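Peer 1: Please read through the structure below; I'll follow up with questions.
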Amino acid sequence: MSAERAATAVAGTNIALVKYWGKRDAALNLPAAGSLSLTLDALGTRTSVRFSAALAADRLTLNGAPADARATTRVTTFLDRVRARAKIATRADVVTENTVPTASGLASSASGFAALALAATSAAGLPATPAELSELARLGSGSAARSIFGGFVEMARGARADGRDAVATPLDSDWRDVRLVVAVTSDAQKSLGSTEAMERTARTSPYYEAWIASVAADLADARAAVAARDLARLGEVAERSALRMHASALAAAPGILYWNPATVAAIHAVRALRAEGVPAHFTIDAGPHVKVLTTAASARTVADALLRTSGVLRTVVASPGEGAHLVEAA
Ligand code: PMV
């Protein structure tokens with residue numbers, strides 16, 4: 001390899017409609033069950049990786065500022081896997097920007113590790129199929145495996161101990177008439193990271209096994225709903241999956257509660273909209289924000305209703321987005 005090689009990639013974040021909550025292998029980030037998600041457009045990450053013989057250590061710049069040691073170590077651990085596969089030892093300069101609208105309350109690890117997987121393999125000259133990129137992104141963050149692909153995506157649990165089959169596959173990237181309205185309900189950092197929360201749920205929640213056992217049926221239902229482009233059916237699964245995931249976490253010891261009063265108010269607002277005939281179904285991740293699946297035609301109505309809900313700070317309307325791809329460096 002020449003002294004310097006660089007690549008830039010962008011990836012959209014994704015929101016799970018059938019949730020991933022639990023690992024069968026923590027070191028390899030292997031999920032205990034499959035999941036199904038929608039990749040979003042405007043909400044994502046742009047990452048440049050430049051391998052250079054002149055660098056003594058990896059460097060990470062996050063949204064214009066040097067990243068802290070924890071984030072840098074996580075990126076170095078990830079790059080070490082890429083270097084091992086590419087048989088190189090060169091350190092890298094990584095510059096990453098989140099294109100998530102200011103404080104949208106959306107997690108960026110999914111788009112972040114998807115963009116990093118693509119930019120790093122490309123800069124290292126390592127050929128990688130989409131499935132291999134998905135596997136690599138998963139090692140950074142479980143949900144990142146899904147952001148390699150656009151639109152609706154299914155993540156497989158896989159059966160192998162090495163995780164080669166725990167990868168995502170695209171289901172439908174042409175179903176464009178869907179929107180996800182994000183209701184931001186807090187500007188505080190999330191209290192408990194997903195890895196620790198999943199681990200505690202698995203270790204202490206009497207509902208964990210029941211939760212995991214319920215996922216296969218939800219996946220089958222969601223897959224069929226995507227195939228039929230049936231938003232109401234997909235939305236029903238999404239609500240059920242989110243509530244079951246949170247129920248398993250609530251029952252951990254100590255109990256994991258991500259919701260605030262505005263989260264609950266938004267849930268009621270969504271159900272009230274539905275009672276009036278507006279297509280709207282919620283999902284909630286490891287934080288207090290509420291994400292509402294709806295149609296393009298109803299997105300404004302849903303966003304307005306959420307903005308009128310007590311405690312909702314702002315809303316972001318997102319459309320289906322593309323999978324991770326390379327772009328020219330800025
Ligand atoms: O990718 P992680 O390890 O941050 O886990 C994501 C967990 C949830 O967002 C709550 C659910 C999901 O499937 O994305």
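The values are calculated or read from the model by the stated rules, or taken from the named source; none is laboratory data. Just so we're clear, the structure is a prediction, and the values are computed from it rather than from any experiment. For neighbour counting, all protein chains shown are included, and Cβ atoms are generated from backbone atoms with ideal geometry for every residue, glycine included. Each accessible area value is taken on the protein alone, full model and side chains, heavy atoms only, with ligands, DNA and RNA left out. Shrake-Rupley method; radii C 1.70, N 1.55, O 1.52, S 1.80 Å.
Peer 1: Mind jotting down the distance between the C-alpha centroids of the range 266-307 and the range 18-94, whole Å?
Peer 2: One Cα centre to the other: 32 Å.
Peer 1: Looking at the range 38-115, what % of its DSSP beta bridges pair antiparallel, to the nearest 5? Don't jump to the answer; show the numbers that get you there.
Peer 2: On the way: 10 of 14 bridges.
Bridges in the range 38-115 that DSSP calls antiparallel: roughly 70 percent.
Peer 1: Suppose every Lys and Arg Cβ carries +1 and every Asp and Glu Cβ carries -1, with no other charges. What dipole size does the range 179-318 come out with about its Cα centre, to the nearest 20 debye?
Peer 2: Around 260 debye, computed over the range 179-318.
Peer 1: Still on this structure, I have one more. Past the 20 angstrom mark, what percentage of all C-alpha to C-alpha distances in the range 211-271 do you count?
Peer 2: 39
Peer 1: Hey, can you grab everything whose amide H is under 5 Å from the amide H of ASP41? Only 5+ residues off in sequence or another chain; H modelled, so Pro and N-termini drop out.
Peer 2: Close amide H contacts, sequence-distant or interchain: SER319, GLY321.
Peer 1: How much length is gained if the chain between ASP80 and ALA220 is pulled fully straight, taking 0.36 nm per residue apart and subtracting their Cα-Cα distance, in nm to one decimal?
Peer 2: So the extension gain works out to 46.8 nm.
Peer 1: Just reorder GLU209, GLU154, GLU236, GLU97 by solvent-accessible area, largest first, 1.4 Å probe, all chains present.
Peer 2: Of GLU209, GLU154, GLU236, GLU97, the descending order of accessible area is GLU209, GLU236, GLU97, GLU154.
Peer 1: Within 10 Å, count the other beta carbons around each residue, average over each peptide in 315-324, 287-296, 83-92, 164-173, and list them highest first.
Peer 2: Listed from highest to lowest mean packing, they are 287-296, 315-324, 164-173, 83-92.
Peer 1: Bins of 5 Å, beginning at zero and ending with the bin holding the largest distance: percent of Cα pairs per bin for the range 138-223, please.
Peer 2: In order of increasing distance, the bins hold 3, 10, 13, 19, 23, 19, 10, 3, 0 percent.
Peer 1: While we're here: Rounded to whole Hz and in sequence order, give me ³J(HN,Hα) for the range 5-11 from the Karplus expression 6.51 cos²θ - 1.76 cosθ + 1.60, θ = phi - 60°, writing x for Gly and Pro.
Peer 2: 9, 9, 7, 10, 10, 10, 8
Peer 1: Also: About the Cα centre of the chain, how large is the charge dipole given +1 on each Lys and Arg Cβ and -1 on each Asp and Glu Cβ? Please answer in debye to the nearest 20.
Peer 2: 400
Peer 1: Same structure, new question: In whole Hz, what ³J(HN,Hα) sequence does the range 222-235 give by Karplus (6.51, -1.76, 1.60; θ = phi - 60°), x for Gly and Pro?
Peer 2: 5, 4, 5, 5, 5, 4, 8, 6, 9, 5, 5, 5, 5, x
Peer 1: While we're here: Hey, what's the Kirkwood Rh for the chain if you take every pair of different alpha carbons, in angstrom?
Peer 2: Hydrodynamic radius (Kirkwood, Cα pairs) of the chain is 20.0 Å.
Peer 1: Provide, as a two-decimal number, the C-alpha radius of gyration of the range 179-318 over 2.2 N^0.38 Å, N being how many residues it has.
Peer 2: Rg over 2.2 N^0.38 Å, computed on Cα atoms: 1.06.
Peer 1: How much mean residue ellipticity at 222 nm does the chain get from its helices, if each DSSP H run of length 4 or more adds -39500 (n - 2.57) and you divide by all residues, to the nearest 500 deg cm²/dmol?
Peer 2: It lands at -12000 deg cm²/dmol.
Peer 1: Which percent, to the nearest 5, of DSSP beta bridges fully inside the chain are antiparallel?
Peer 2: Numbers: 51 of 55 bridges.
In the chain, approximately 95 percent of DSSP beta bridges are antiparallel ones.
Peer 1: Counting only Cα, what are the radius of gyration and maximum Cα-Cα distance Dmax of the range 271-321, in Å?
Peer 2: 10.7, 30
Peer 1: Right, something else. On a 1.4 Å probe surface of the protein chains, which of ILE212, ILE148 comes out largest in accessible area, and what is the full order?
Peer 2: Reading off the accessible areas and sorting them downward yields ILE212, ILE148.
Peer 1: Another question, if that's okay. Can you tell me the accessible area per residue over the range 4-174, all protein chains present, probe 1.4 angstrom, in square angstrom?
Peer 2: Working: 6320 Å² over 171 residues.
In whole numbers, the range 4-174 has 37 Å² accessible per residue.
Peer 1: In nm², what is the average projected area of the convex hull enclosing the Cα atoms of the range 33-166?
Peer 2: Projected over every direction and averaged, the Cα hull of the range 33-166 covers 8.4 nm².
Peer 1: Long-range amide H contacts for PHE149: which residues qualify at under 5 Å (H placed 1.01 Å from N, peptide plane, sequence gap of 5 or more or a different chain)?
Peer 2: ALA324
Peer 1: Of ALA303, LEU250, THR169, which is farthest along the charge dipole of the chain in the positive direction, counting Lys and Arg as +1 and Asp and Glu as -1 at C-beta?
Peer 2: LEU250
Peer 1: Roughly how many percent of the accessible protein surface of the range 25-109 is carbon and sulfur, given a 1.4 Å probe and a whole-percent answer?
Peer 2: That share works out to 56 percent.
Peer 1: What order, most packed first, do the peptides 112-119, 15-22, 248-255, 271-278 have when packing is the mean number of other Cβ atoms within 10 Å of each residue? Write down the numbers at each step before the final one.
Peer 2: Working: 112-119: 31.5, 15-22: 26.1, 248-255: 16.8, 271-278: 13.1.
With the highest mean Cβ count within 10 Å placed first, the list reads 112-119, 15-22, 248-255, 271-278.
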